[in-house]
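S.K.: Before anything else, here's the structure in question.
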Amino acid sequence: MKDNSNITILKEIAELLNEETEMIPMLHGALSKFLNGTNFKTGWIFFINDKGKAELVAHENLPEALQYNECEHLKTGGCWCVSRYRNNELKKASNIIECQRIEAALEANVGDPAGITHHATVPLQSGDERFGILNVASANTVSFSDEELELLESVAFQMGSAIKRIYLTKQEQEIALVQERNRLARDLHDSVNQLLFSVTLTARAGIEMSEQQEIKETFKEIQQLTQSALTEMRALIWQLRPKGLESGLIEAIKAYAEMLNINLTVHVSGVIQFPSRIEETLFRIAQEALNNVRKHAGVQEAALYMNVTPTDILLVIKDEGRGFIIDNELNIPSIGLQSIKDRANAVGGTADIVSEIGKGTELLIRLPY
C-alpha cells in the first residue's frame, strides 16, 4: 500500500501533467515535483527513438560530476538501462547494479558526484507505445526498496500517459493545419488564380486586337505582370498544399522546380525513406531555396545533393547565380533564410548558407535522422 504522502505526490504530479501542454516543460515540472516530494534526489529522462538513439531531454538536481560539459558523461558511452530498453527487456522499475556512465564521470574526476553512484530506471510508455526511460538516484544509495520502485512505476505511468496525450494533441493540431492549408489553397486556386488567368487571356486578346503600338505595348506589359503574378500564385498554392509527395520526396522537388522553370540537377546517395515530418521539412526547405534561386539568383539552373547516413541527412542546394553578401547580424527575410533556419531548427537540425557576389549561393541543411 502506498502511504498518504506518496498518494499526495502522485495526485500533485497528475494535476501538473494534465495542465501542461508543452513536452519539455511538462517533463521538467513533473520530475522536479517528484524529487521534491520523495527520497529520490536527482533524475534524468532519455527519449529513445525507433532506431534506438537516446536523447537526454530533461534532468533535475544533477550533481556537478554529471552536469560537467553539458552532461557529457550521461550522453556518451555504454549504458545498461538504454541497452535493456532497446532489447525490449526493461519492463518495470529496476535497480541498476552498476552504471557505466556514472562510473565514467567518477573516474574522470570532473566534479563533486554528491554521493551518486547508482540509480533506478523505469520505461516511459503508454500501452504498447514506448517513449524512453526515467532514471532517478539518491546519495549513497545502491538499491531502492520495492515500495520506492512501485512509486517510480506509478509516476512513469503518469508521465507516459501525458507524453501520449501531448503527441496526440500535436497530431490533431497538425491535421487541422493541413486541412486549413488545403482549404486556403482551394480558395486561392478557385478565385485569385482563375482571375489572374482570365486577365492574362484578356491582355493577349488586347494585343491581337489593337492596332496602335503603344496600346499593344501596354497590353504586353499587363500580360507579363499578370503571368508573373500567376507563377507566384501557383508557387504559393504548392507551398500550402504540396502535390507529388505521394510519389516520393525527390520527385516532388523536381516537379516544383519544373513548375518554376528551373533546370534542377539531382544527386542522391543513401536510402530516401523518412518520417513524414522530416520529409515535409525537407520539401518545404527545398521549396524556399528554389524560390530564392528563381527570384534572386538570376539563373534558371540549380543543383541538389542529398546524402543519407544512419544518423543524419545532408541536403545541399546550390546555384551559380549572382550571390550576395552575408551579414550574420541582419535578418534577410527577402530570401527566406530565416524561414529555412526555423524549419531546420524545429526538427533539431541546422541550416548554413555560403554566398559570394558573382559566385553563387550554397545552402547546407543537416537534419538528425
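The values are calculated or read from the model by the stated rules, or taken from the named source; none is laboratory data. Just so we're clear, the structure is a prediction, and the values are computed from it rather than from any experiment. Cβ coordinates were reconstructed from backbone atoms using ideal geometry, including for glycine residues, and neighbour counts include every protein chain displayed. These area figures cover heavy atoms from the full protein model, side chains too; ligands, DNA and RNA do not enter into them. Shrake-Rupley method; radii C 1.70, N 1.55, O 1.52, S 1.80 Å.
S.K.: I need the full set of residues from the range 1-17 which are among the hydrophobic types (A, V, I, L, M, F, W, C) and assigned to a helix (DSSP H, G or I), in order please. First the steps, then the outcome.
M.R.: First pass over the range 1-17, keeping only residues among the hydrophobic types (A, V, I, L, M, F, W, C): 1, 7, 9-10, 13-14, 16-17.
Ile7, Ile9, Leu10, Ile13, Ala14, Leu16, Leu17, listed by residue number.
S.K.: Also: Which residues, counting only those in the range 332-369, are polar (S, T, N, Q), at pLDDT below 90 and buried (at least 19 other Cβ atoms within 10 Å of the Cβ)?
M.R.: Within the range 332-369, just Ser355 meets the criteria.
S.K.: Is there a residue being open to solvent by 10 Å² or more (accessible area, probe 1.4 Å), of a type in the set (Ser, Thr, Tyr), out of contact with any Pro (no Cβ under 6 Å at 6 or more places or on another chain) and farther than 15 Å from Cys79 by Cα anywhere in the range 108-123?
M.R.: The answer is no; no qualifying residue exists.
S.K.: Going by the structure shown, is Ile207 at negative phi and either modelled with pLDDT of 75 or more or exposed (fewer than 13 other Cβ atoms within 10 Å of the Cβ) (or both)?
M.R.: Spelling it out, Ile207 is indeed at negative phi and either modelled with pLDDT of 75 or more or exposed (fewer than 13 other Cβ atoms within 10 Å of the Cβ) (or both).
S.K.: Please determine, by comparing only the residues of the range 284-331 that are hydroxyl-bearing (Ser, Thr, Tyr) and part of a loop (DSSP other than H, G, I, E, B), which one is modelled with the highest pLDDT. Spell out the reasoning first.
M.R.: Going residue by residue through the range 284-331, those that are hydroxyl-bearing (Ser, Thr, Tyr) are 305, 309, 311.
From what's left, part of a loop (DSSP other than H, G, I, E, B): 309, 311.
Numbers: Thr309: 85, Thr311: 82.
Looking at residues that are hydroxyl-bearing (Ser, Thr, Tyr) and part of a loop (DSSP other than H, G, I, E, B), I get Thr309.
S.K.: Only one of these is at pLDDT 85 or above and open to solvent by 60 Å² or more (accessible area, probe 1.4 Å): Ile278, Ile250, Ile262, Ile215. Name it. Working first, answer last.
M.R.: Numbers: Ile278 fails: open to solvent by 60 Å² or more (accessible area, probe 1.4 Å); Ile250 fails: open to solvent by 60 Å² or more (accessible area, probe 1.4 Å); Ile262 fails: open to solvent by 60 Å² or more (accessible area, probe 1.4 Å).
Being at pLDDT 85 or above and open to solvent by 60 Å² or more (accessible area, probe 1.4 Å) holds for just one of Ile278, Ile250, Ile262, Ile215, which is Ile215.
S.K.: Please determine whether any residue of the range 298-306 is open to solvent by less than 20 Å² (accessible area, probe 1.4 Å) and touching a residue at least 60 places away in the same chain (Cβ under 8 Å).
M.R.: No, the range 298-306 has no match at all.
S.K.: Here's something else I'd like to know. Does any residue of the range 263-279 turn out to be polar (S, T, N, Q) and in contact with a Lys or Arg (Cβ under 6 Å, 6 or more places away or on another chain)? Break it down into steps so the answer makes sense when it comes.
M.R.: Going through the range 263-279, the residues polar (S, T, N, Q) turn out to be 263, 265, 269, 273, 276.
Checking which are in contact with a Lys or Arg (Cβ under 6 Å, 6 or more places away or on another chain) leaves us with none.
The answer is no; no qualifying residue exists.
S.K.: Still on this structure: If a residue has to be surrounded by fewer than 14 Cβ atoms within 10 Å (Cβ to Cβ), modelled with pLDDT of 70 or more and β-branched (Val, Ile, Thr) to count, how many in the range 164-192 make the cut?
M.R.: Summing the residues that are surrounded by fewer than 14 Cβ atoms within 10 Å (Cβ to Cβ), modelled with pLDDT of 70 or more and β-branched (Val, Ile, Thr) in the range 164-192 gives 1.
S.K.: Of all residues in the range 218-239, count the ones that are open to solvent by 80 Å² or more (accessible area, probe 1.4 Å) and among the hydrophobic types (A, V, I, L, M, F, W, C).
M.R.: 1
S.K.: Right, next: In the range 280-328, what residues are closer than 15 Å to Leu363 by Cα and hydroxyl-bearing (Ser, Thr, Tyr)?
M.R.: Matches in the range 280-328: Thr281, Tyr305.
S.K.: Give me the pairs, please: first residue somewhere in the range 137-148 and assigned to a loop (DSSP other than H, G, I, E, B), second residue anywhere and among the aromatic types (Phe, Trp, Tyr), beta-carbon distance under 7 Å, and either six or more positions apart or on two chains.
M.R.: Ser138/Phe40
S.K.: Residues that are closer than 24 Å to Ala108 by Cα and open to solvent by 60 Å² or more (accessible area, probe 1.4 Å): list the helices (runs of 4 or more DSSP H) wholly contained in the range 18-98 that include at least 3 such residues.
M.R.: Numbers: elements: 23-36, 64-75, 80-86.
Those helices (runs of 4 or more DSSP H) span 64-75.
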